[in-house]
Each structure stands twice: as C-alpha cells, then as structure tokens.
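Before any comments, here is the structure.
What follows draws every value from the coordinates through simple rules; no lab data is involved. These numbers come from a predicted model, not from an experiment. All Cβ positions, even for glycine, are placed from backbone atoms using ideal geometry, and neighbour counts span all protein chains on display.
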Amino acid sequence: MQTAVIIVAAGRGSRMGGEVPKQWQMLQGKPVLAHVLAAFAGMRVLLVIHPEDRARAEALGVPLVEGGATRGASVLAGLQALEGMGIEAVLIHDGARPLVSPALLKRLVAALERHEGAAPALPVTDALWRGQDGRVAGTVDRAGLYRAQTPQAFRFAPILAAHRAHPGGALDDVEVARAAGLDVAIVEGEEANLKLTYPGDFARAEAILKGQAMDVRLGNGYDVHAFCEGDHVWLCGVKVPHTKALLGHSDADVGMHALTDAIYGALAEGDIGRHFPPSDPQWKGAASHIFLSHAIGLATRRGYKLANCDVTLVCERPKIGPHAADMQAELARIMGVDVGRVSVKATTSERLGFTGREEGIAAIATATLVAA
C-alpha cells in the first residue's frame with residue numbers, strides 16, 4: 001500500500017510560550033520537528049508549515065506545503081498536494097508529537113488493511129469531573145472514553161473527500177472521517193507519544209529520550225570450521241598464509257562469521273543461516289563481508305549503531321598476532337566504524353581438543369549495539 005505522511009506544523013502554539021512555535025523549539029539539541037521526521041525515516045513525508053517558517057523548514061530537507069488558518073485547512077492543503085501521486089494511504093501527524101515508535105506505525109498500517117481509518121488512543125483511567133467556578137460540579141463516567149493521539153491513518157481517497165466536504169472546526173481528522181461515515185478503528189496508543197503543549201512537557205520528553213538512548217543490546221556469536229587442504233585461511237577479512245585452508249560453504253571466515261552472528265543475536269535476528277541459507281547455491285564460496293555488511297546494515301535500519309565488538313580466535317596456528325591490526329582495520333572498514341571500536345585477539349586451547357590438535361579454528365565474538 002503506497003503510504004505517505006503529512007506532518008502538520010503550521011500552528012503557533014501560544015500555550016507553550018517561547019520566542020518560536022513549539023515545533024521549532026530545541027529538544028535534546030535538535031528542533032522538535034527533527035525528532036518527528038526521524039520517527040518517519042524512510043517514509044514519504046510532506047511537511048505542512050506556516051509561511052513565516054519556510055526558511056527554517058527548508059533546512060530539514062523534506063517537501064513543504066504552506067498550511068491554512070486552521071488545522072483542518074492545513075491538513076486539506078497537505079492532502080491536495082499529494083493528490084494524483086498514487087498515494088493509497090496517509091498518516092496525519094501533529095508536529096508537536098516527537099516520540100512516535102515504529103511499533104505504533106506498524107499497528108496503524110496493519111489496521112488499514114481492514115478499516116478505512118485507524119487512530120491510536122489510550123483508555124481514560126483517571127476519574128473525570130466537571131468543574132464550575134473552581135469547584136467540582138459533577139462526575140463523568142469514564143467507561144468507553146479514550147485519549148486520542150496521532151498519527152491518524154486513513155485510506156487516501158476517502159479522507160481527502162471527507163476533508164473537502166467538512167465545514168471546518170473539527171478537533172482532529174477522526175472527527176472529519178466520522179462525519180463522512182468512515183469506519184475508524186482504535187489501535188493501542190503509547191504513553192510516550194505525548195503532545196508538547198505546556199513547558200513541562202519538554203522535561204517529560206527529554207526524560208523519555210534519555211531513556212531511549214540507554215537502549216543497549218548485547219549479542220554473542222560462536223563458529224567453528226575444520227581445516228582442509230589449501231595454502232591460506234581467511235580470518236576477519238584478511239588472507240593469512242597457512243599450510244591448510246578452512247572448510248565451509250562460503251569462504252569459511254570463522255572470525256567474521258562469529259561476529260556476524262553476534263550482531264544478529266543482539267538484534268534477535270537469528271544467525272547467518274537464517275539470512276543466507278547454506279542450502280542456497282548462490283552463497284557457495286561467498287565472501288563473508290557480504291554477511292557482515294548485511295548484519296550491520298540491518299542494525300542501522302533498526303536504529304542502532306555498533307558501540308564495540310570483540311572477536312577471539314582459538315587456534316594453535318596460524319599465529320594471529322602479526323595480522324591482528326589488519327583484521328581490526330578490515331572489520332572496521334566493512335562496518336563503517338572507528339577501528340577503536342573493534343577488538344581482535346587470539347588464544348590457544350593449550351593443545352587440548354580439536355583446536356589443540358590443529359583440526360580447525362573456533363571463534364567467539366561479542367557485539368554491543370546502542371540506540372543511535
């Protein structure tokens with residue numbers, strides 16, 4: 001389903017205060033809208049702005065359209081700008097909600113397979129009162145009540161028609177959709193997906209972002225390859241002269257295989273065999289940098305970067321020390337990280353076991369990933 005995202009950021013946000021509208025205020029060193037755009041990385045995004053904000057908005061590098069005097073008018077401007085581009089679904093999001101998760105986006109898109117619209121919400125759990133003159137004037141039954149969030153997702157053609165037909169004044173796009181008779185499903189919202197409305201909301205968002213930054217993942221990898229006839233071995237991307245070779249479906253780079261599995265493990269993505277089955281002939285004799293590049297690329301797409309990795313090669317021969325620096329450099333090059341984040345070392349098994357008998361080489365690797 002061809003999906004686009006409309007981010008509505010034309011408001012002035014008077015309740016927040018400050019010299020610039022809230023969507024342009026700084027949050028952890030970046031404008032709020034920079035965080036919002038990061039949440040939709042890889043998707044087709046259209047940013048609806050106030051005319052006065054064009055200069056600063058152009059620096060964000062996404063398509064822009066100027067909004068109207070009301071939120072509804074701004075959304076309609078965005079929808080009309082996407083018309084005729086083959087868009088089948090659209091997510092409409094407030095520019096003051098910087099903490100959207102990938103899981104929430106997946107729930108919304110999945111719901112559109114069965115409904116004309118879908119929106120995230122949280123059930124009301126607090127008691128509700130009616131107030132008058134600063135006093136409690138009554139209570140409200142909270143059963144069936146929800147706190148609405150964005151992004152709100154719709155099939156494109158119906159929501160465009162609904163906005164064109166609406167007289168204006170709606171609180172959100174769900175109200176517009178329902179006025180047109182569209183079916184809108186409720187999907188599970190998230191407490192972290194807060195809307196920045198008052199100054200104290202920035203402190204909450206800062207705390208959430210700091211918590212996300214502490215998302216650390218650790219993975220381990222282990223691999224073994226037996227010796228066979230040959231005159232060299234590939235270890236951590238370096239061709240090392242030897243009296244034997246390593247036997248394997250690919251180039252049998254035991255060190256790189258262990259490191260690749262460590263990264264997959266940190267991502268809970270199985271091992272090399274899941275992504276590059278040995279039963280597939282296209283991987284016969286393949287260079288192992290293909291596997292490592294795929295693993296680190298997957299980590300990047302999932303929003304992680306390599307903090308460090310450590311590879312230990314277990315063998316009697318060949319001697320690893322003279323080649324360790326080259327191995328570090330090659331692994332760092334493949335993964336696109338500083339060489340200081342990569343460790344390669346070796347040990348023997350004191351002549352014990354298959355490595356001690358020089359029947360093969362084993363490798364152990366650990367990789368640490370942190371949220372980027």
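Using the Cα coordinates of the chain, the gyration tensor eigenvalues translate into equivalent-ellipsoid semi-axes of 54, 22, 20 Å, sorted from longest to shortest. Taking the Cα centre of the chain as origin and assigning +1 to Lys and Arg Cβ atoms and -1 to Asp and Glu Cβ atoms, the resulting dipole is close to 660 debye. Between Lys345 and Ala55, the contour length at 0.36 nm per residue exceeds the alpha carbon distance by 99.2 nm.
Within the shell defined by Cβ-Cβ distances under 10 Å, the residues around Val184 carry a net charge of -3, with Lys and Arg each +1 and Asp and Glu each -1.
For Asp310 and Asp215, a Förster radius of 22 Å and the Cβ-Cβ distance give a FRET efficiency of 0.60, rounded to the nearest 0.05.
Scattering from the stretch 216-371 was approximated by placing one identical point on each alpha carbon and applying the Debye formula without solvent; log10 I(q)/I(0) at 0.09 1/Å stands at -0.26. Between amide H atoms placed 1.01 Å from N, distances below 5 Å from Leu235 occur with Val240, all of them 5 or more places distant or on a separate chain. Other residues whose C-beta falls under 14 angstrom from the C-beta of Gly336 contribute a net charge of +2, scoring Lys and Arg +1 and Asp and Glu -1.
As a rough footprinting exposure proxy, the listed residues Cys315, Cys236 were ranked by other beta carbons within 10 Å of their own, and the order from fewest upward is Cys315, Cys236. Using C-alpha pairs below 8 Å separated by at least 6 residues, the relative contact order for the chain is 14 percent. Neighbours of Thr3, meaning other residues whose beta-carbon lies under 11 angstrom from its beta-carbon, give a summed charge of +1 when Lys and Arg score +1 and Asp and Glu score -1.
Build a GNM of the chain with springs between Cα atoms under 10 Å apart, and of Ser349, Ser74, Ser293 the one that fluctuates most is Ser349. Residue ranges 254-265, 135-146, 35-46, 273-284 sort as 254-265, 35-46, 273-284, 135-146 when ordered by packing (mean number of other C-beta atoms within 10 Å per residue, highest first). For the stretch 155-231, GluC sites (Glu not before Pro) meeting the loop criterion (DSSP other than H, G, I, E, B) and having at most 15 other Cβ atoms within 10 Å: Glu190, Glu191.
With the charge dipole of the stretch 224-335 set up from +1 on Lys and Arg Cβ and -1 on Asp and Glu Cβ about the Cα centre, the Cα lying farthest toward the positive end among the listed residues Thr243, Ala262, Trp283 is that of Ala262.
Rounded to whole numbers, the Karplus 3J(HN,Hα) couplings from phi for the stretch 326-342 are 5, 5, 4, 4, 5, 4, 4, 4, 4, 8, x, 10, 5, 4, x, 9, 10 Hz, using 6.51 cos²θ - 1.76 cosθ + 1.60 with θ = phi - 60°, and x at Gly and Pro. Qualifying GluC sites (Glu not before Pro) in the stretch 1-77, where qualification requires a DSSP coil assignment and no more than 15 other C-beta atoms within 10 Å, comprise Glu19.
Under 8 Å for C-alpha pairs, at least 6 residues apart: give me the relative contact order for the stretch 216-371, rounded to a whole percent. Show your work: numbers first, answer last.
On the way: 365 pairs, mean separation 52.3, N = 156.
34 percent.
Sequence-ordered 3J(HN,Hα) estimates for the stretch 223-236 from the Karplus curve with 6.51, -1.76 and 1.60 and θ = phi - 60° stand at 8, 9, 9, 7, 7, 9, 5, x, 10, 6, 10, 9, 9, 6 Hz, glycine and proline given as x.
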